[in-house]
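Trainee: I am attaching a structure below and will ask some questions about it afterwards.
The values are calculated or read from the model by the stated rules, or taken from the named source; none is laboratory data. Predicted model, so just to flag it, every value in this text is computed and none were measured. Ideal geometry is used to build each Cβ from the backbone, glycine not excepted, and the neighbour counts take in all protein chains shown. Keep in mind that these areas ignore ligands, DNA and RNA; they rest on the heavy atoms of the full protein, side chains included. Shrake-Rupley method; radii C 1.70, N 1.55, O 1.52, S 1.80 Å.
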Amino acid sequence: GDAFMAKVKVGAHNPAVKLVNTAWAMQLSLGRTLAEKSNLSMRIGIHKGPAFGGIIGKTMLGYDLWGTGIDECQKLEECCPEGNALMSKEIYEECSQELPKAIFSKHNTNKGTPCLNETYIIKELEK
């Protein structure tokens with residue numbers, strides 16, 4: 001598939017900030033690496049919520065994650081404009097306090113999209 005799922009360890013210090021920093025680094029890295037060579041871009045969804053995982057399959061084993069937190073994260077990724085990272089209100093509230101120099105923009109989704117009501121895009125991130 002064309003999707004990649006990442007998680008932060010339960011109990012990690014500032015997990016929302018770690019996810020936002022990782023998303024920003026991924027966007028910068030892709031932009032520098034492929035800006036002139038390809039029209040490849042990413043859409044990143046960032047959310048937190050309940051999830052569980054497990055091994056699936058008998059002949060070809062795989063690991064998968066499920067839960068409402070995963071479902072919402074996938075919806076954010078689907079609604080995200082190309083080349084951006086879209087986060088839920090919960091992630092924004094945690095990060096806006098921990099990253100005072102960061103610039104976030106409220107994202108207005110079109111009616112009929114499966115996205116959460118209040119979402120934010122990372123515009124600039126300085127530590």
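Trainee: Does the range 72-82 contain any residue that is modelled with pLDDT of 85 or more and at positive phi?
Mentor: Looking for residues that are modelled with pLDDT of 85 or more and at positive phi, one finds none in the range 72-82, hence no.
Trainee: Can I ask one more? How many residues does the range 57-73 hold that are in contact with a Pro (Cβ under 7 Å, 6 or more places away or on another chain) and either of a type outside the set (G, A, S) or assigned to a strand (DSSP E or B) (or both)?
Mentor: 1
Trainee: Ok, one more. Please pick out the residue among K111, K106, K101, K48 that is out of contact with any helix residue (DSSP H, G or I) (no Cβ under 8 Å at 6 or more places or on another chain) and at pLDDT 85 or above.
Mentor: K106
Trainee: Looking only at the range 73-93, which residues are open to solvent by 40 Å² or more (accessible area, probe 1.4 Å), closer than 16 Å to E118 by Cα and either small (G, A, S) or in contact (Cβ under 8 Å) with a residue 12 or more places away in the chain (or both)?
Mentor: Of everything in the range 73-93, those that are open to solvent by 40 Å² or more (accessible area, probe 1.4 Å), closer than 16 Å to E118 by Cα and either small (G, A, S) or in contact (Cβ under 8 Å) with a residue 12 or more places away in the chain (or both) turn out to be Q74, K75, E77, E78, P81, K89, E90, Y92.
Trainee: If you go through the range 17-56, how many residues are outside any helix (DSSP H, G or I), aliphatic (A, V, I, L, M), free of Cβ contacts under 8 Å to residues at least 40 places away in the same chain and open to solvent by less than 50 Å² (accessible area, probe 1.4 Å)?
Mentor: So the count comes out to 0.
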